[in-house]
Amino acid sequence: MSSSLLQPRAPPSLSSSSSISGTKPQWRFTSLPAVTFTRRARNSTVNAKIREIFMPALSSTMTEGKIVSWIKSEGDVLSKGESVVVVESDKADMDVETFYDGILAAIVVPEGESAPVGAPIGLLAETEAEIEEARAKAASSGGSSPPTTAADAPVAAPPPSAPVAAPPTPAAAPVVADGPRKIVLTPYAKKLAKQHKVDISKVVGTGPFGRITPADVEAAAGITPVKSKPPPVTAPAVTAAAAPAKSAPTFAEIPGATVVPFTTMQAAVSKNMIESLSVPTFRVGYPVMTDALDALYAKVKSKGVTMTALLAKAAAMALAQHPVVNASCKDGKSFTYNSSINIAVAVAINGGLITPVLQDADKLDLYLLSEKWKELVEKARSKQLQPHEYNSGTFTLSNLGMFGVDRFDAILPPGQGAIMAVGASKPTPVADKDGYFSVKNQMLVNVTADHRIVYGADLAAFLKTFAKIVQEPDSLTM
Amino acid sequence: MQSLISTSPIFAPNRRSFESYASPTALPSSPTPFSLRFCGLRREVLRLSQLKHRVIGTTSKKTRFNVSSASPDGNGSPPTTFDYDLVIIGAGVGGHGAALHAVEKGLKTAIIEGDVIGGTCVNRGCVPSKALLAVSGRMRELQDEHHMKALGLQVSGAGYNRQAVADHASNLASKIRNNLINSLKALGVDILTGFGSILGPQKVKYGLDNLITAKDIIIATGSVPFVPKGIEVDGKTVVTSDHALKLEFVPEWIAIVGSGYIGLEFSDVYTALGSEVTFIEALDQLMPGFDPEIGKLAQRVLINPRKIDYHTGVFATKITPAKDGKPVIIELTDAKTKEPKETLEVDAALIATGRAPFTKGLGLENINVETQRGFVPVDERMRVMDAKGNTVPHLYCIGDANGKLMLAHAASAQGISVVEQLTGKDHVLNHLSVPAACFTHPEISMVGLTEPQAKEKAKKEKFKISVAKTSFKANTKALAENEGEGLAKLIYRPDTGEILGVHILGMHAADLIHEASNAIALGTRVQDIKFAVHAHPTLSEVLDELFKSAHVNVDEHKPVAV
C-alpha cells in the first residue's frame, strides 16, 4: 500500500486498475493515405542514391513526432509499401511505409525519441555498397546539430538557426557561477529545447533563481517568441517569496519605457511591411536635372499646381511608355499588366502613413490632377478616404525632398511593381560632355522594384524616360 | 415519540410554494430552491402525500429538545424512544442527499454539521473547481488562435483578472451552499450545529454537551486532503486543493503531486492561466486510474501539447515551502529503489495525492468500531462493521468516510440506499453503475470497468469481452464546434450484450456518460439500447454510434411497432 502513497485515493473503480497495465493500445491507420518519404533533391552528386526518411506530418497540427518503434532494423531490405516505423503524432500512432525499395542503412532517431516534422529520422540506401556511406552520413548528421541542411530542407523543417545571432540578448546577462551549475528548466523550456535541439548547458537562465525559461531557449535557438503569454491583469496577492519576477521575453527591458499599442493604421502598415519581405526587390538610382521643371513649377504654381502633381504626372507619363514597371506580380508566376496608371503618393498624417491614389494620372491634365490631389489630401486628413482611394495604386511615389533629404530607399508595398523615392533638388556642379562645369539643380530618384517582373534594364529605361520628361517638362502641361 | 413530527407555522408559506411547484398551474415566479440541482444531488420533488403526513404530527418545535429521553448515565444501553428517526452526522452532499430522501420517506430527520453546510464538494471541491474550469475552458479557447481562425473568429490578447476569477469560484460556492441550507430548512430538516460524535448505540452528542437519540444514525463526515509525510503545507506556496481553489496566486511554475483527476483538473486550470506544470506521479504512468487507452489519448490531448512535463515512478519525499528567498524545493525518490533521484525547484506545489477520511473524534470506540486507515468499515449495505466483523445495528456510514467510492454523487446515492433500507425496502447500490468524470478540456468520463479490469473478470468468470470504439471526429456536432478530438469506448459481453464499462474522452463527456450509466444501473443491454433514438445533430450520437457498432451474438431484440 505504501507504494501508492502519492497516488490520489481515487474511488476503487478507478484506482484498482492502476496496477494493471493493459496491452498498449495502438491505432494503426494503415488504411490512411500512406505517407511518402519525401525525396530530398540534393544538389551534390555524391549521395544521389541515399534517401533520407523524414518525420512525416501525420496531421495538420503535428509539429513533432515520436518514434514508437522501428518495425525494420538497420540492414533490412525494404520494398515499396512496407511499413518501416511507427510514429506517434499528437493524435495517434501510425505506421509509416516506404515508397522506395532499398536498404534501411541507418536509424538516425532511435525509438522513444522525437524529431520535428521534416527532420531526417533514418537513411535509405539503394544498394549495399552505399550503406557505409549512409552510415557515415548519419554519424555526421546525428549528434546535436539541428537539421539545418538549409536550402533543400522541406518547408516544415525549423528555420536554419544561427544559435548566436539571436535578437539582442539582455545586456546584463547573469554571470555564470564557477563550478558545476545546477540547470533548472521549466517544463515548456524543456520542450522547446528538445524541439529546437538547443544545448541547454550553454543557455544562461534569466528566470527566477537562475532557471532557464522558454524565452531563454527561444533566444538561444534564434526564434522570436510566437506569442507572449496572456498578461495577468492583477499582481499576485500573496507576496510569497516565490512571487515570480516577470522575465522579458527577448528584448532587454529599459526601465521607464512606455508601451503604446499600434493604431489600426499603424498595425496595417506593420503588416504590409512584414509582407513586403517576401518580395525580391532591387534598387536603381538616377540623377535628374530639375532646372526646367523648377521653372515650370514657378509658372504654374499660381494656378494651384503642386510639385507632387508634377512628379506624379511625370511618372505616369513615363509609366505609359514602360508598362512593365506599372505591372505587378500577384502569384509569383505571371505578370499582371494594369490597365490604368494609378499613382499612389505616400503622405504622412499624424501618427500614420497613407497613400492616396491619383487615378489615371497619365490621362488627367496637370490642373485636374492638382485639384484631385488637394481633395485627396483633405480627405486623408479628415480620415474620409474611401478604400479605392488609397489601395488602388499601381505605382507609388514617395517624396522626402521637402525635408532636405538628398536620397533614400523606399520599401515596395505589396501588390505593386515599383516605388519611386524622390530626394531634394539641390544645386550641384555638373560637367557636360565637353568637360565644362556648371551648377544645375539636381535631384536623385531611387526606384525600388520587384525583380520577378521588373529587371534592371527595364527600370533603367523607365528612369531615362522619366528624367527626359522632367528635364523637358513642356509635355507635362499638354 | 416517533410521531412527534412537528410542523411549526413557519413552514406554511414554504409548503404553499411546494404545492404550487407540484401543481401544473404553478406560477413561474414562485421561488423554490428545489428546482436547483447541486453537485451530485437529486432534485427534491415533494409529494403531497408526504405533506399530509407531516400535518398529522402537531407538537410545537420547541418541545423537541426538552423531551430527550436519553440520560447521560444510560450510555451503552439503547434508548427505547427517540428524538429523531434519523440523525446524519455531516451535512455534505452525502448527508444532504440522505436527508432529502429521508424526508420524502416521512422520517423525522436532523443533520449535524461542525463546519459549513455543503462539505467538501460545495465549499472546497467539485463546485468551486467547476467555476475555475469554466474560466480555463474559455481562456483555452480564446488563446487557441488556430481554433479561432478555423471558426472564422478573430480575438486578440485574451487576459484575465485573478481576483475576479477567484471571486467567481467563491460566489458560486456560497450560492450553492445557501441553496443547500434553504432546501434543508424548507423541508423541515433540523440543522444542529457542532461536531457530532457517537456516545453509544443510537445516541449522538453534538456541540459541547447536546445529547440526542435517534432510531438510526448515518455517519457522513467525508474526507480532507491527504498530505503524505515529509510534505510541509504552508497554504501559500505548498498547498492542497483547499487552498488552490481560492486561487490566491497563479505561480509561473507549479508542481502537482499526483496525476489523478484532481491533479489533472488543476493542470487544466493552471496551464490555461499561463502557468507551467510539472506532474509528480508515484506510479509508472500518468493518470493511472483511467482506462489505459483513454489515459494514453488523454496524455496526447491534455499533457503533451501543453506546457507540462512529468516525473513518473517517483515519490515527493520532501517538499519545503518557499522561504528566505528560496523557491519551493521538492526532493524526489525513486518509487521502486527508494534511492534519492532529483531535486526540483519550483514556484509552488499542489498536493493532489488523494483524500483521507475525516473520522477522528467520532466516538467510534464507544461502539467497538475500528477504522481501517481512517475509513469506517461497512458492508455492501453501508452498515458499519465492528472490530469483530459484525454489523452495528442502526449505524450506517456513507461517502468518503467509508472509502468505497469517493465521489460526491456516490455518497448521495449511498445515503438514498440507506434510507430505502430504513423504510423497509432492501436496497444495494451497484457501484459499477456510478459514473465518474474529470472536467478537463476536453472532459473525461467513465462508468463500470476499465478494459484490463473487464479482461480480468472475463478470465475469472470464463466469458468473452468485446470492445467497440467510436471517434468524435465522425460526429457532426463535435465537428461543428471544431472539437473533433475524442474517443468513446464500450466494453461489453458479446454473448449477452451486458455493458461492462464505457469510457469517453471528448467534448461534454461528463454529460454524455449518463446514457451508459443508466443502462448499467437498469440492466439495459446493448442489443436493446441501440434502438433508442438520438436527436441529430448532437454529441449524444457518439454513444448512439458506439452502441450500434457493438456486435452481440444473441437474437436481437425486435422492436415492437406501437
Checklist entry - Over 28 Å between Cα atoms, which of A:Lys72/B:Lys459; A:Lys299/A:Lys374; A:Lys66/B:Lys404; B:Lys130/B:Lys477; B:Lys236/B:Lys341 qualify? => result A:Lys72/B:Lys459; A:Lys66/B:Lys404
Item to check | Which listed pairs, of B:Lys105/B:Lys205; B:Lys318/B:Lys338; B:Lys296/B:Lys473, have C-alpha distances above 20 Å, in listed order | outcome: B:Lys105/B:Lys205
Next on the checklist: Taking the 0 to 90 degree range and rounding to the nearest ten, how far is the long axis of helix B:509-522 tilted relative to the main principal axis of chain B, both from C-alpha atoms?
Outcome noted: 50
Checklist entry - For the peptides B:490-501, B:370-381, A:270-281, what is the packing order when you average, over each peptide's residues, the other Cβ atoms within 10 Å and list the highest mean first? => result B:490-501, B:370-381, A:270-281
Checklist outcome for this item: Distance in Å, no decimals, from the C-alpha centre of segment A:407-454 to the one of segment B:201-275 is 76
Next on the checklist: Rounding to the nearest 10 and keeping the result within 0 to 90°, find how far the Cα-based axis of helix B:12-22 lies from the longest principal axis of chain B.
Outcome noted: 50
Next on the checklist: Treating only the Cβ of Lys, Arg, Asp and Glu as charged (+1, +1, -1, -1), what charge dipole size does chain B show about its Cα centre? Round to the nearest 20 debye.
Outcome noted: 1400
Checklist outcome for this item: Taking A:387-394, B:280-287, A:113-120, A:202-209 and ranking on average Cβ neighbours within 10 Å, highest first, one gets B:280-287, A:113-120, A:202-209, A:387-394
Item to check | Amide N proximity, segment B:361-403 versus B:Asn430 label position 7 Å along Cα-to-Cβ, cut-off under 17 Å | outcome: B:380-381
Next on the checklist: Taking the beta-carbon count within 10 Å as an exposure proxy, list B:Met148, A:Met402, A:Met94, B:Met507 from fewest neighbours to most.
Outcome noted: A:Met402, B:Met148, B:Met507, A:Met94
Next on the checklist: Please compute the average number of Cβ atoms from other chains found within 10 Å of each residue's Cβ in peptide B:289-298.
Outcome noted: 5
Item to check | For residues of B:247-258, the mean tally of beta carbons on other chains within 10 Å | outcome: 5
Checklist entry - Hey, got the average number of other protein chain Cβ atoms within 10 angstrom for residues in A:200-212? => result 2
Checklist entry - Which aspartates and glutamates have a Cα less than 19 Å from the Cα of A:Lys440, not counting those fewer than 8 places away in the same chain? => result A:Asp291, A:Asp294, A:Asp406, A:Asp432, A:Glu472, A:Asp474
Item to check | Residue-averaged [θ]222 nm for chain B, counting only DSSP H segments that reach four residues, each worth -39500 (n - 2.57) | outcome: -9000 deg cm²/dmol
Item to check | Charge tally in the Cβ shell below 14 Å around B:Ser170, where Lys, Arg are +1 and Asp, Glu are -1, B:Ser170 excluded | outcome: +3
Item to check | Stokes-Einstein D (µm²/s) once Rh is taken as the Kirkwood radius of segment B:259-386 over alpha-carbon pairs, at 10 °C in 1.306 mPa s | outcome: 92
Checklist entry - Can you work out ³J(HN,Hα) from phi for every residue in segment B:230-245, in order, using Karplus 6.51 cos²θ - 1.76 cosθ + 1.60 and θ = phi - 60°, giving whole Hz and x for Gly and Pro? => result x, 9, 9, 8, 9, x, 10, 9, 10, 9, 10, 4, 3, 7, 4, 5
Checklist entry - Label-point separation (nm) for A:Ala292 and A:Glu128, each offset 7 Å from Cα along Cα-to-Cβ? => result 8.2
Checklist outcome for this item: Long-range amide H partners of B:Ile112, meaning residues 5 or more apart or on another chain whose placed amide H is closer than 5 Å, are B:Ile88, B:Ile89, B:Gly90, B:Leu192
Checklist entry - Under 14 Å from a point 7 Å along the Cα-to-Cβ line of B:Asn553: which residues of segment B:437-470 have their amide N that close? => result B:462-467
Item to check | Prolate/oblate/rounded label for segment B:124-250 (Cα gyration tensor, a/c 1.5) | outcome: prolate
Next on the checklist: From the phi angles alone, apply the Karplus equation (6.51, -1.76, 1.60; θ = phi - 60°) to segment A:279-290 and give each ³J(HN,Hα) in whole Hz, x where the residue is Gly or Pro.
Outcome noted: 9, x, 10, 9, 10, 10, x, 7, x, 10, 7, 10
Checklist entry - In whole Å, what is the distance between the alpha-carbon centres of segment A:252-322 and segment B:119-145? => result 53
Checklist entry - Hey, what angle do you get for helix B:451-461 against the long axis of chain B, alpha-carbon based, 0 to 90 degrees rounded to 10? => result 60
Item to check | Column: log10 I(q)/I(0), Debye, Cα scatterers of chain B, q = 0.06, 0.07, 0.09, 0.13 Å⁻¹ | outcome: -0.34, -0.47, -0.78, -1.43
Next on the checklist: Below 15 angstrom from the Cβ of A:Ile354, what's the summed charge of the other residues (Lys, Arg +1; Asp, Glu -1)?
Outcome noted: +1
Checklist outcome for this item: Once amide hydrogens are built 1.01 Å from N within the peptide plane, the residues lying 5 or more places from B:Lys341 or on another chain with amide H under 5 Å from its amide H are B:Leu332, B:Thr333, B:Asp334
Checklist entry - By the scheme Lys and Arg +1, Asp and Glu -1, what is the net charge of all other residues having a beta-carbon under 11 Å from that of B:His441? => result -4
Checklist entry - For the charge dipole of segment B:254-393, defined by +1 on Lys and Arg C-beta atoms and -1 on Asp and Glu C-beta atoms about the Cα centroid, which residue among B:Gly389, B:Gly263, B:Leu344 has the Cα displaced farthest towards the positive pole? => result B:Gly389
Next on the checklist: Need the list of aspartates and glutamates near A:Lys190 for cross-linking: C-alpha distance under 12 angstrom, and skip anything on the same chain fewer than eight residues off.
Outcome noted: A:Asp199, A:Asp216, A:Glu218, B:Glu276, B:Asp309
Checklist outcome for this item: Once amide hydrogens are built 1.01 Å from N within the peptide plane, the residues lying 5 or more places from B:Leu199 or on another chain with amide H under 5 Å from its amide H are B:Val204, B:Lys205
Item to check | Highest average packing first - B:103-112, A:309-318, Cβ atoms within 10 Å | outcome: A:309-318, B:103-112
Next on the checklist: Cross-link candidates for A:Lys330: which aspartates and glutamates have Cα within less than 13 Å, leaving aside residues fewer than 8 places away along the same chain?
Outcome noted: A:Glu275, A:Asp450
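Here, each number is a calculation from the coordinates, and none is a lab measurement. Keep in mind it's a predicted model, so treat the numbers as computed, not measured. Neighbour counts are summed over all protein chains in view; Cβ atoms, including those assigned to glycine, are modelled from backbone coordinates with ideal geometry.
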